[in-house]
1. Among what's in the stretch 83-101 and is in contact with a strand residue (DSSP E or B) (Cβ under 7 Å, 6 or more places away or on another chain) and at pLDDT below 80, pick the residue that is surrounded by the fewest Cβ atoms within 10 Å (Cβ to Cβ).
2. Among what's in the stretch 79-104 and is acidic (Asp, Glu) and in contact (Cβ under 8 Å) with a residue 40 or more places away in the chain, pick the residue that is nearest to Phe146 (Cα to Cα).
3. Checking His80 against (1) modelled with pLDDT under 85; (2) not in a strand (DSSP E or B), which single condition isn't satisfied?
4. Within the stretch 86-102, is even one residue part of a loop (DSSP other than H, G, I, E, B) and more than 25 Å from Thr62 (Cα to Cα)?
5. Could you please give the count of residues in the stretch 111-135 that are farther than 19 Å from Ser53 by Cβ, buried (at least 21 other Cβ atoms within 10 Å of the Cβ) and of a type in the set (Gly, Ala, Ser)?
6. Working only within the stretch 131-150, note down all residues that are part of a strand (DSSP E or B), more than 15 Å from Arg59 (Cβ to Cβ) and at pLDDT below 85.
7. Within the stretch 39-77, take every residue that is of a type in the set (Ser, Thr, Tyr) and at pLDDT 80 or above and give me the one that is surrounded by the fewest Cβ atoms within 10 Å (Cβ to Cβ).
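The values are calculated or read from the model by the stated rules, or taken from the named source; none is laboratory data. As the structure is a computational prediction, the values presented were derived from the model and not from experiment. Counting neighbours? That spans all protein chains shown, and the Cβs are built from the backbone with ideal geometry, glycine included.
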Amino acid sequence: MNPIKLAFLTFALCAGLTSAANALPVVVNLTAPPVGDIAKNGTGIGGGNANNSANNFFRLETFLAAHPGNGTAIDDMAVHLDGDGMNVDVTGYSYAVVHYGVGRGGIQASGGGVEIFSITGDGFFSFPSNGTGPNGFGGFSSVDLFKGAPNQVPDGGTTVMLFGSALSVLGVARRYLKR
């Protein structure tokens, strides 16, 4: 086989393998925090009770500081949505702070529950219609979406594939140029 054709074929094969190593986002996956929910009352700015983006960003920062393995919030400019929490576009956001009412069996003085979710992936998601308790077993009240910097995901193998491809091409070129 012609050395130029062989080198080109090797390069094409390596390039094809390298492009196949890229990861694609799959689906929206929300992960509940390990502590369940927190009370709304007394957990806002300065111990406040408000249900707005600024107070929810404060709650999110407080939660992430107490649970350092969950990443960091970097953007306090949120989208605040009241309503039923159905088909919310979470594309480009890293965290959701969801408020639920006290409901039957919830702690009455809590003002309801605040659940913090870590978002991975893009698309539309329907939040649970009721809280998990113990502060809020009631219905969905609102959600605030925040951008953030979750924990770094390691390289999916693309760098190793590129390095291997380059070494392969150099090896083939060296073999045929030596002749």
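1. Asp84
2. Applying the filter and picking the extreme gives Asp82.
3. The number of the failed condition is (2).
4. Checked against the condition, which is being part of a loop (DSSP other than H, G, I, E, B) and more than 25 Å from Thr62 (Cα to Cα), the stretch 86-102 yields at least one hit.
5. Residues flagged as farther than 19 Å from Ser53 by Cβ, buried (at least 21 other Cβ atoms within 10 Å of the Cβ) and of a type in the set (Gly, Ala, Ser) within the stretch 111-135 amount to 1.
6. Ala149 - this is the single residue of the stretch 131-150 that is part of a strand (DSSP E or B), more than 15 Å from Arg59 (Cβ to Cβ) and at pLDDT below 85.
7. Within the stretch 39-77, the match that is surrounded by the fewest Cβ atoms within 10 Å (Cβ to Cβ) is Thr62.
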